[in-house]
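The values are calculated or read from the model by the stated rules, or taken from the named source; none is laboratory data. Everything quoted here is computed from the prediction, not taken from an experiment. Glycine gets a Cβ as well: all are built from the backbone with ideal geometry, and neighbour counts include every protein chain shown. Heads up: the accessible areas ignore ligands, DNA and RNA and are worked out on the full protein's heavy atoms, side chains in. Shrake-Rupley method; radii C 1.70, N 1.55, O 1.52, S 1.80 Å.
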Amino acid sequence: MLPKYKRILLKLSGEALMGDANYGIDPKVITQYAYDIKAVTDLGVQVAIVIGGGNIYRGMNEAETGIERAQGDYMGMLATVINGMALQSGLEKVGLYTRLQSAIKMEQIAEPYIRRRAIRHVEKGRVVIFGGGTGNPYFTTDTAASLRAIEIQADVILKGTRVDGIYTADPEKDKSATRFETITFSEVYQKSLNVMDMTAFTLCQENKLPIIVFDMNRQGNLLNVIMGKNVGTLVQG
């Protein structure tokens, strides 16, 4: 069977990198992600990645911390670069060629984000990691993922989470919650389901970019999604 998607944007949460810890990066999670990503690149799938920074720093309430929102957002962007570097090391250990691009200039450790260069990298089979969010405060890494996916003309956004799709309610709190196999953008709005922040979600809808929400922490799930198997929830239409 051939892969269903040729070029993907994989959105990973920073919190997932913590594993069972309360903060930081679990090397076992990085290793699992690296092997899962290698499995799809071996099929010729072109992969770009956006990763969050919540395991290191999440923007907090200004009233509680004394740190203004814009400053806190920039701190979060730097956290995404740290996670990107960790993931880059993990990918290179399993034999993949990678490039880390940052929306905030830091030439010693990452290329500046240049759209045409990013496209050329993925065409050559390199895994491109986009760090630094959009480079602007007040935008989430979900928005960065949507923006980068549209810019590099990805076929789909794969949002890897701890939950195996979109449910009628939070499955960790409501045991009667049921999973959607497919759902439309309009239905997500109507049901007030939490998939991405509204800016990111609207970008995907306006550009007809499908989203698949799936459990990235289950080994082999990424490959199953790429092969078109019934994993996670597909948002489209």
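Take 227-234, 123-130 and order them by the average number of nearby Cβ atoms within 10 Å per residue, most first; the result is 123-130, 227-234.
Residues whose amide H comes within less than 5 Å of that of Ile129, counting only those at least five positions distant or on another chain, are Ile49, Arg99, Leu100, Gln101 (H built at 1.01 Å from N in the peptide plane). Amide H to amide H, with H built 1.01 Å from N, Thr182 comes under 5 Å of Leu234, counting only residues 5 or more places away or on other chains.
Could you tell me which of the pairs Lys11/Lys93; Lys159/Lys208; Lys11/Lys229; Lys6/Lys191 are separated by over 28 angstrom between their Cα atoms in the structure shown? From Lys11/Lys93; Lys159/Lys208; Lys11/Lys229; Lys6/Lys191, over 28 Å: Lys6/Lys191.
Of all aspartates and glutamates in the structure, the ones whose alpha carbon falls short of 19 Å from that of Lys175, not counting any fewer than 8 places away in one chain, are Asp164, Asp215. Label the chain by shape, choosing from rounded, prolate and oblate, from the square roots a ≥ b ≥ c of the eigenvalues of the Cα gyration tensor; if a/c is under 1.5 it is rounded, and otherwise prolate applies when a/b is larger than b/c, oblate when it is not. Rounded, since a/c falls under 1.5. Rolling a 1.4 Å probe over the protein chains gives Glu181 an accessible area of about 110 Å².
Label separation (Glu107 vs Ser89): 2.5 nm, computed from points 7 Å beyond Cα along the C-beta direction.
If we count every other residue with Cβ under 10 angstrom of Met216's Cβ, Lys/Arg +1 and Asp/Glu -1, where does the sum land? Taking every other residue near Met216 into account, the sum is +1. Rolling a 1.4 Å probe over the protein heavy atoms of the chain, with every protein chain left in place, gives an accessible area that is 49 percent carbon and sulfur. Net charge near Asp170: determine it from the other residues with C-beta under 14 Å of the C-beta of Asp170, scoring Lys and Arg +1 and Asp and Glu -1. Computed value for this residue: +2. Ordering of 113-121, 169-177 by packing is 113-121, 169-177, highest average first (other Cβ atoms within 10 Å, averaged per residue). Under a Gaussian network description of the chain, with springs only between Cα atoms under 10 Å, the residue in Thr31, Thr141, Thr178 that fluctuates furthest is Thr178.
For Ser102, Ser186, Ser13, the ranking by accessible surface with the largest value first comes to Ser186, Ser13, Ser102, using a 1.4 Å probe.
A 1.4 Å probe run over the stretch 101-188, with the rest of the protein chains in place, finds 50 Å² accessible per residue. For the chain, adding -39500 (n - 2.57) for each run of n ≥ 4 DSSP H residues and dividing by the number of residues yields -11000 deg cm²/dmol at 222 nm. Prolate is the label for the stretch 101-237, because the ratio a/c of its alpha-carbon gyration tensor axes (a ≥ b ≥ c) is 1.5 or higher and a/b is greater than b/c.
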